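Reviewing the structure listed below.
Throughout, read-outs are computed from the coordinates displayed, never taken from laboratory work. Model, not experiment: these values are computed from the prediction. We place every Cβ from the backbone using ideal geometry, glycine too, and count neighbours over all the protein chains shown.
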Amino acid sequence: MTATVVNGLEVIADEPTEAPMRSRAGTPVLWQQTRTLLLEDGSTTYGCVHCDYTSANVRSIRPHLNKHRTDNVPARTSVLAPFGELSLAEVFRRLVDFDDVTSELDEMTSERDEWKQRAQRAERSLSTLRNALRGVAS
Ligand SMILES: [Zn+2]
């Protein structure tokens, strides 16, 4: 939460900060995470959108924001720990793939059974034919 009191002075306005550079289109760039805080005595200071960190120097806010980014990393890693390095999306994708492979195997198995039956039928008719031929020959 952004600071509401800085050095005993109340924050009366909390705005995004206009960046020192402009966008390619020439429009102002606003830093949403770097807040420009207007204090009750009319002075301004800068604050972090995530916590009560403030600084009179706008340049110290952006490096500070990295702190919040690294804070999130351990939490994300621990959630995924059981899957090793895989993201949850990757795990789901693999499960779906596995399902596809199983149904493909099922299909191959039933196809193989069909060919086996056809081969047995062909073998039977072949022996019938052989017997018939033998009958003709004798
Ligand atoms: Zn912060």
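Overview of results
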item	result
Local net charge near THR128, Cβ-Cβ under 13 Å (Lys/Arg +1, Asp/Glu -1)	+3
Two-site FRET efficiency, GLN33 against LEU9, from Cβ-Cβ distance with R₀ of 30 Å, rounded to 0.05	0.85
Order by protection proxy (mean Cβ within 10 Å, highest first), peptides 51-60, 125-134	51-60, 125-134
Theoretical gain in end-to-end length, SER125 to MET1 [0.36 nm per residue, Cα-Cα removed]	36.2 nm
